[in-house]
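Asks: Mind looking over this structure? Questions follow.
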Amino acid sequence: VSKAMVSGETNIHSHHSQLTFLFADIFSFTKAANNLTPSNMIRFLTYMFSSMDRVADYYGVYKIKTIGDCYYSVTGLPGTMSERSHVMSMLRFACCFQQVFSDRFFHPPEGEKLYNEFISARGAGGNQDSNSVSPSQVRALFRVGVAVGPAVAGVLDGRTPMFDCWGSTVNLAARMESASSPGRILVTHQVQVAAMAAEECPFKFERMRRVRAKGFGAVPAHYIHSSNESLPLTLVEVLGLRVNFPPFVYASPFESSCSQGTTIASQSAPEGDTSNFSNGSAHSGGNPESLPDQLVPI
């Protein structure tokens, strides 16, 4: 696309039979924004979206743009890292940043400060959403929707040329996000089928449900229930995270029994926490026969 733009081409577009789209919306952002100073609101969004950009780069996800407090991205574009496994790349991205922005990790001091200020601002004056949100979702930030299917990609000409994608698949991903719950990832049935068909799918899905989506009627969809993959150590280090939840550990006596066969690397954690990270699945230490069933709830 960039080469076409540099060469002076106009009406740049292409049709794709399969792309995966994600919309991630910050839960109760409007209410929180009313209780934050403009400076703190911008600093918070900058921290959140720049962190997401780093996770997106790791998984080959292309950020199309942010729309207010919504992050809009795609996988499967030609020439990108995620071209051949766009569904899995997008789901790994979604599961990863949902864990990053939960109570599973401490952020660097500045990020933790902004994070907590936002949570406080969201609940200032009484949280209208408190009755519909479980305790585990109190710190949840994102509602996420994912859809896969055909779309048109191209560049809108004008004063500020802009790359974007269009089609019913884009709209459906946005509808999935609107129907999702805080801290959860809602995907279309087509996404679930594609993920389950992949070799060594790390995800478990809840039973199919029907979601009312404007313009689509009742759409079959699934929530992601859990994943057996932990955050890659590279991302933990790049984002400056520290562990804040009971361990997902490869107990060293059983390391050889784990199918991934990856190197275990320790990450500094709060006192009393001996959590470790690996480049593959994360499991609780103990009986090796129980390891494959230890999952990370999403």
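The values are calculated or read from the model by the stated rules, or taken from the named source; none is laboratory data. Quantities reported herein were computed from a predicted structural model and do not represent experimental measurements. All Cβ positions, even for glycine, are placed from backbone atoms using ideal geometry, and neighbour counts span all protein chains on display. Ligands, DNA and RNA are excluded from the accessible area calculation, which covers all protein heavy atoms including side chains. Shrake-Rupley method; radii C 1.70, N 1.55, O 1.52, S 1.80 Å.
Asks: Within segment 161-176, can one find any residue that is at pLDDT 90 or above, among the polar types (S, T, N, Q) and within 17 Å of the chain's Cα centre (by Cα)?
Replies: Within segment 161-176, the subset at pLDDT 90 or above is 164-176.
Subsequent filtering for residues that are among the polar types (S, T, N, Q) retains 168-169, 171.
Now narrow it down to the ones that are within 17 Å of the chain's Cα centre (by Cα): none.
No: segment 161-176 contains no residue that is at pLDDT 90 or above, among the polar types (S, T, N, Q) and within 17 Å of the chain's Cα centre (by Cα).
Quick grid of which residues meet (1) modelled with pLDDT under 95; (2) open to solvent by 10 Å² or more (accessible area, probe 1.4 Å); (3) over 23 Å from Phe97 (Cα atoms); (4) in contact with a Phe, Trp or Tyr (Cβ under 6 Å, 6 or more places away or on another chain):
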{"position": "Phe142", "(1), (2), (3), (4)": "yes, no, no, no"}
{"position": "Leu156", "(1), (2), (3), (4)": "yes, yes, yes, no"}
{"position": "Lys204", "(1), (2), (3), (4)": "yes, yes, no, no"}
{"position": "Gly215", "(1), (2), (3), (4)": "yes, yes, yes, no"}
{"position": "Pro220", "(1), (2), (3), (4)": "no, yes, yes, no"}
{"position": "Glu229", "(1), (2), (3), (4)": "yes, yes, no, no"}
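Asks: Now, a different point. Test Ala195 against the stated conditions and say whether it is at pLDDT 95 or above, of a type in the set (Gly, Ala, Ser), within 25 Å of Arg104 (Cβ to Cβ) and assigned to a helix (DSSP H, G or I).
Replies: Details: at pLDDT 95 or above: yes; of a type in the set (Gly, Ala, Ser): yes; within 25 Å of Arg104 (Cβ to Cβ): yes; assigned to a helix (DSSP H, G or I): yes.
Here the answer is yes, as Ala195 does meet what is asked.
Asks: What helices (runs of 4 or more DSSP H) lie completely within segment 8-118 and have 2 or more residues being touching a residue at least 40 places away in the same chain (Cβ under 8 Å), aromatic (Phe, Trp, Tyr) and open to solvent by less than 50 Å² (accessible area, probe 1.4 Å)? Please lay out each step first, then the result.
Replies: Numbers: elements: 29-34, 38-59, 86-100.
Ranges flagged: 38-59, 86-100.
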